[in-house]
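K.L.:
Starting off with a structure, shown below.
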Amino acid sequence: MSEFTFDVNVAESVLDVAIVGSGFAGIGMAIRLTQSGIENFRILEQSADIGGTWRDNTYPGAACDVPSHLYSFSFAPNPRWSRMFAEQKEIHGYLKDCVDRFNLREKTSFNTTIVSAKFDAGTNLWTLTTYAGRTLKARLVVMATGALNRPAYPDIPGMEDFRGRVFHTAEWDHSYALEGKKVAVIGTGASAIQVVPAIAPKVKSLTLYQRTPAWVFPKFDRPIKSLEQRLYRLLPVTQKLFRGAIYAAGEAATPLFLKPSALSKMAESIGRRHLSRYVQDPELREKLTPTYALGCKRILLSNDYYPALARENVSVVSCGVDKIEGRTIYASDGSKQVVDAIVLATGFKVPVASAPFDIIGLNGKVLQDDWKEGAEAYKGMTVTGYPNMLFTMGPNTGPGNTSVIFYIESQLRYLLNYVKEVLAFDDASLELKQEKQTSFNEMIQTRMQNTAWTSGCHSWYLTPSGKNTTLWPGFSMEYRLITRQFDRESYVMHLATSGTVAESDQSLNRLFEPALA
Ligand code: NAP
């Protein structure tokens, strides 16, 4: 892989903040730093373009299932969204616009893959090493590497010798024409329900391998007319109000996930009605009816998934795949199918949430070891033993029913205050107190019990041992409230030159505040 060589000055000087990744979280952090007057930062991006998951997932039909007015930064609204639920290209375009609007391109090192981060307690600096062996020092590191960026490949015997084409939805092979081909799609998650309707009309036949049917709800999508766009541009408060209403609707659904109840049963009937509206064949309808509690897996929104499955050229095999021989797929129910191509809509490696590269903290601690049994952090952002290493979209901060951008923005506010505390000194680090991390995670796991997410289905939210390390077990507003203030008392400050700073010695911080305002 070719690597952008850092500007010599960047490589030799010490960055205040190194941001790893240029998806929503990385770009959002960079904007917030810029707005706060903190300029000595750099975004390190492993690809040649910004955008994270919205750069990578280019499969046909790729779109967001959260309305765009909410799936965008509150501090960088876009009055020009063309649909209620924007497609991948438009969201990627929005992120590129943000980068240009806040002059972040010149602050980004592309083709720069970080392979390790090591903390030195003697200097309170992190050393980041790139794939090409270059090093870079930073006082703080913001991990913005995202949760859904490592495709999960199913372990199917014979797949590596498949005699046709096989690719993952996140690595779509646009050079391969699907027209007239016999195609198998494995998986029925959020990616599959978008790709199936997009390719079904083109292919000769499509066989969908469904291990578990999804709960699918109607998607209230529509184009946004130019008049409406003009209103949002001329009267931004109207877009803010609309955003607020969308947020409130999502937030109101939270109890469905926290405690399955009679309300959940009523909500399930919406899904059943949606299914029977589009699928007349009772046998197919039964195959597609979920047998687990609503919300246990992600609820999917689509108006064209069920109609696509009812097409003549589409069939659903309701089991997994046993093996592949040549071009033949053998399903667990004994059926077999000869295909030209296999689309793996099999999701991402998420649950153990291991760090994307070696992160070595105090006393040689390795984050991957600490997270072997499932990732843990404090408020999803900081981890004991790894001072000045800050996480976005970390453990237990995923939303089940609202926009992830709401969580990211909560984190940006908290992390910005952390950064300011550290930068108020020449050589400071803030270390999270162990008891804070322990009690926070005990609270998370206690609240996770008896939720829809732990009600018995298999999902990417859970580790192999069944621990939910991905989702926030409450209202998103609660998360906003606990991240609103930076709780300095949860951390111990160390200065490289003079040791530990007493907790009460806050006056030092205030001395520096005017410079950071
Ligand atoms: P996913 O939800 O993890 O779904 C993976 C699918 O592959 C599941 O149906 C799973 O079956 C199946 N599968 C995995 N291994 C298999 C095997 N060996 N044999 C047969 N089937 C297998 O993945 P995803 O659809 O890519 O979605 C992941 C997440 O990405 C979503 O939950 C969402 O957060 C995000 N996403 C969002 C959007 C959006 O519109 N915002 C769009 C796409 C993705 P089981 O269910 O039986 O395990």
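K.L.:
Accessible area per residue, 1.4 Å probe, Å², for the range 6-144: what's the number? Before the final figure, lay out the partial values.
P.N.:
Details: 4810 Å² over 139 residues.
Each residue of the range 6-144 exposes 35 Å² on average to a 1.4 Å probe.
K.L.:
Measuring from label point to label point, each 7 Å out along Cα→Cβ, what is the Ala198 to Leu362 span in nm?
P.N.:
4.6
K.L.:
Sketch the reach of a paramagnetic label on Thr446 as a point 7 Å from Cα along Cα-to-Cβ, and name the residues of the range 256-278 whose backbone nitrogen lies under 19 Å away.
P.N.:
258-259
K.L.:
Show me 334-345, 21-32, 481-492, 356-367 ranked by packing, highest mean number of other Cβ atoms within 10 Å first. List each step's numbers first, then the result.
P.N.:
Values: 334-345: 18.9, 21-32: 26.2, 481-492: 15.2, 356-367: 17.0.
Taking the mean over residues of other Cβ atoms within 10 Å, the ranking is 21-32, 334-345, 356-367, 481-492.
K.L.:
Spin-label point model (7 Å from Cα, Cβ direction): what's the Arg277 to Gln229 distance in nm?
P.N.:
A separation of 2.8 nm, rounded to one decimal place.
K.L.:
Given the Cα-Cα distance of Thr58 and Val237 and 0.36 nm per residue of separation, how much length would full extension add, in nm?
P.N.:
Length gained between Thr58 and Val237: 61.2 nm.
K.L.:
Calculate, in whole percent, how much of the Cα-Cα pair population of the range 217-326 lies beyond 22 Å. List each step's numbers first, then the result.
P.N.:
Numbers: 3162 of 5995 pairs.
When every Cα pair of the range 217-326 is considered, 53 percent fall beyond 22 Å.
K.L.:
Using alpha-carbon positions, what is the distance between the centroids of the range 312-372 and the range 61-78, in Å?
P.N.:
Between the Cα centres of the range 312-372 and the range 61-78 lies a distance of 28 Å.
K.L.:
With a ≥ b ≥ c taken as the square roots of the eigenvalues of the C-alpha gyration tensor of the chain, please select rounded if a/c is under 1.5 and otherwise prolate if a/b is larger than b/c or oblate if it is not?
P.N.:
Working: a/c = 1.73, a/b = 1.62, b/c = 1.07.
Note, shape of the chain comes out prolate.
K.L.:
What shape does the range 266-325 take by its C-alpha gyration tensor, where a ≥ b ≥ c are the square roots of the eigenvalues and a/c under 1.5 counts as rounded, a/b above b/c as prolate, and the rest as oblate? It would help to have the intermediate numbers written out before the result.
P.N.:
Working: a/c = 2.01, a/b = 1.30, b/c = 1.54.
Oblate shape, in that a/c is at least 1.5 and b/c is the bigger or equal ratio.
K.L.:
Related question: Taking the 0 to 90 degree range and rounding to the nearest ten, how far is the long axis of helix 24-35 tilted relative to the main principal axis of the chain, both from C-alpha atoms?
P.N.:
Orientation of helix 24-35: about 30 degrees from the principal axis.
K.L.:
If you don't mind, another one. Provide the percentage of antiparallel DSSP beta bridges, counting only those with both residues in the chain; round to the nearest 5. Intermediate values should be presented prior to the final figure.
P.N.:
Numbers: 31 of 69 bridges.
The answer is about 45 percent antiparallel.
K.L.:
Then there is this: For the range 185-275, calculate the relative contact order in percent as a whole number, restricting contacts to Cα pairs under 8 Å that are 6 or more residues apart. If you can, show how the numbers build up before the last one.
P.N.:
On the way: 37 pairs, mean separation 27.9, N = 91.
Result for the range 185-275 is 31 percent.
K.L.:
Which entries in Lys118/Lys297; Lys436/Lys467; Lys204/Lys323; Lys265/Lys336; Lys182/Lys372 show an alpha-carbon gap greater than 29 Å?
P.N.:
Flagged as over cut-off: Lys118/Lys297; Lys265/Lys336; Lys182/Lys372.
K.L.:
Here's another thing I want to ask about it. Evaluate the distance, in nm, between pseudo-label points positioned 7 Å from the Cα of Arg150 and of Ala132 along their respective Cα→Cβ axes.
P.N.:
The answer from the label model is 2.5 nm.
K.L.:
Work out, step by step, the length gained on full extension between Ala248 and Arg413: first 0.36 nm times the residue separation, then minus their alpha carbon distance; give nm to one decimal. Could the numbers behind the result be given before it?
P.N.:
Numbers: separation 165, 0.36 × 165 = 59.40 nm, distance 2.09 nm.
Full extension of this stretch gives 57.3 nm more.
K.L.:
By the gyration tensor of its Cα atoms, with a ≥ b ≥ c the square roots of the eigenvalues, what is the shape of the range 374-420: rounded for a/c under 1.5, prolate for a/b over b/c, or oblate? Spell out each step's value before the answer.
P.N.:
Numbers: a/c = 3.52, a/b = 1.30, b/c = 2.71.
It is oblate, given that a/c is not under 1.5 and a/b is not larger than b/c.
K.L.:
Calculated FRET efficiency, Arg484 and Asp120, Cβ-Cβ r, R0 30 Å, to nearest 0.05? Intermediate values should be presented prior to the final figure.
P.N.:
Numbers: r = 32 Å, r/R0 = 1.07.
Here the calculated transfer efficiency is 0.40.
K.L.:
Moving to a separate point now. If you take the charge dipole of the range 272-407 about its Cα centre, with +1 on Lys and Arg Cβ and -1 on Asp and Glu Cβ, which of Asn388, Gly295, Val343 is farthest toward its positive end?
P.N.:
Checking the options against the dipole of the range 272-407, the answer is Gly295.
K.L.:
Then there is this: Which of the peptides 413-421, 272-280, 321-329 is most tightly packed, and how do the rest follow, judged by the mean count of other Cβ atoms within 10 Å per residue?
P.N.:
On the way: 413-421: 20.3, 272-280: 15.3, 321-329: 17.0.
Descending mean neighbour count gives 413-421, 321-329, 272-280.
K.L.:
Apply the Karplus curve 6.51 cos²θ - 1.76 cosθ + 1.60, θ = phi - 60°, to the phi angles in the range 279-292 and return the couplings in whole Hz, x for Gly and Pro.
P.N.:
With the stated coefficients, the range 279-292 comes to 10, 8, 5, x, 5, 5, 4, 5, 4, 8, 8, x, 10, 10 Hz.
K.L.:
Taking the radius of gyration and the Kirkwood hydrodynamic radius from Cα positions alone, what is the Rg/Rh ratio for the range 124-273, to two decimal places?
P.N.:
Details: Rg = 22.6 Å, Rh = 21.2 Å.
Reported Rg/Rh (Cα atoms, Kirkwood Rh): 1.07.
K.L.:
Report the Cα centroid-to-centroid distance between the range 178-210 and the range 229-256 in angstrom, as an integer.
P.N.:
What the calculation gives is 34 Å, centre to centre.
K.L.:
Tell me the carbon and sulfur percent of the accessible area for the chain, rounded to whole percent, probe radius 1.4 Å.
P.N.:
53
K.L.:
Restricting to DSSP H runs of at least four residues, report the calculated mean residue ellipticity at 222 nm for the chain, -39500 (n - 2.57) per run over all residues, nearest 500 deg cm²/dmol.
P.N.:
Working: 16 runs with 158 residues, N = 517.
Rounded to the nearest 500, it is -9000 deg cm²/dmol.
K.L.:
Further question: Applying 1/(1 + (r/R0)^6) with R0 = 51 Å to the Cβ-Cβ distance of Glu179 and Ala496, what FRET efficiency is obtained, to the nearest 0.05? Let's see the in-between values first.
P.N.:
Numbers: r = 62 Å, r/R0 = 1.22.
My answer for the efficiency is 0.25.
K.L.:
Taking only C-alpha pairs under 8 Å that are 6+ residues apart, what is the relative contact order of the chain in percent? Could the numbers behind the result be given before it?
P.N.:
Values: 1001 pairs, mean separation 96.6, N = 517.
Relative contact order comes out at 19 percent.
K.L.:
Can you work out the FRET efficiency for the pair Lys336 and Thr291, with r the C-beta to C-beta distance and R0 = 25 Å, to the nearest 0.05? It would help to have the intermediate numbers written out before the result.
P.N.:
On the way: r = 26 Å, r/R0 = 1.03.
After rounding, the FRET efficiency stands at 0.45.
K.L.:
Where does helix 434-448 land angle-wise versus the long Cα axis of the chain, in degrees 0 to 90, nearest 10?
P.N.:
With rounding to tens, the tilt is 20 degrees.
The values are calculated or read from the model by the stated rules, or taken from the named source; none is laboratory data. None of the values given here were measured: they were computed from a predicted structure. Cβ coordinates were reconstructed from backbone atoms using ideal geometry, including for glycine residues, and neighbour counts include every protein chain displayed. Note: areas computed on protein heavy atoms with side chains; ligands, DNA, RNA excluded. Shrake-Rupley method; radii C 1.70, N 1.55, O 1.52, S 1.80 Å.
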